[in-house]
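Since the structure comes first, as structure tokens, the remarks are kept for the end.
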């Protein structure tokens with residue numbers, strides 16, 4: 001499902017206009033961006049949490065030149081699903 005399809009489903013369920021739903025989704029996403037940029041995590045009980053994790057430095061090989069390059073460590077965004085979320089998805093998949 002892409003963002004447009006999500007907005008259509010939201011419109012069907014909450015009877016808000018597509019633009020109102022677009023504003024809600026964009027605001028939600030921007031709040032998560034800002035929190036992660038400030039080193040905060042965003043926890044939604046039963047759903048999961050958005051966090052940053054450190055990706056360790058590593059060596060990679062550039063295929064075109066066969067050269068080894070060291071990639072420095074960096075923070076990356078991650079989503080950790082909550083137990084309720086995982087159990088609901090598992091029931092659907094089974």
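The values are calculated or read from the model by the stated rules, or taken from the named source; none is laboratory data. Since the model is a prediction, treat every value here as computed from it, not as a measurement. Positions of Cβ are generated from backbone atoms using ideal geometry, with glycine treated the same way; all protein chains shown enter the neighbour counts.
In a residue-by-residue description of the stretch 20-39, the property of being out of contact with any helix residue (DSSP H, G or I) (no Cβ under 6 Å at 6 or more places or on another chain) and not in a helix (DSSP H, G or I) applies to at least one position. Does residue 4 satisfy the condition of being over 14 Å from residue 78 (Cα atoms) and under 13 Å from the mean Cα position of the chain (by Cα)? Answer is no for this residue.
The sole residue among 81, 77 that is at pLDDT 95 or above and touching a helix residue (DSSP H, G or I) at 6+ places or on another chain (Cβ under 7 Å) is 77.
Among the numbered conditions (1) farther than 27 Å from residue 86 by Cβ; (2) touching a helix residue (DSSP H, G or I) at 6+ places or on another chain (Cβ under 6 Å), the only one that residue 61 does not meet is (2).
Residues of the stretch 71-94 that are assigned to a loop (DSSP other than H, G, I, E, B) and free of Cβ contacts under 8 Å to residues at least 12 places away in the same chain: 94 alone. Residue 68 satisfies every condition listed in (1) at pLDDT 95 or above; (2) in a strand (DSSP E or B) except (1).
Taking (1) without any contact (Cβ under 8 Å) to a residue 12 or more places away in the chain; (2) loosely packed, with under 11 Cβ neighbours inside 10 Å; (3) within 16 Å of the chain's Cα centre (by Cα); (4) not in a loop (DSSP other than H, G, I, E, B) in turn, residue 61 satisfies each apart from (3).
Specify the residue that is nearest to residue 81 (Cα to Cα); the eligible residues are those in the stretch 43-58 that are assigned to a loop (DSSP other than H, G, I, E, B) and in contact (Cβ under 8 Å) with a residue 24 or more places away in the chain. Per the stated criteria, the residue is 47.
Do the conditions hold for residue 16, that is, is it assigned to a loop (DSSP other than H, G, I, E, B) and surrounded by 14 or more Cβ atoms within 10 Å (Cβ to Cβ)?
yes
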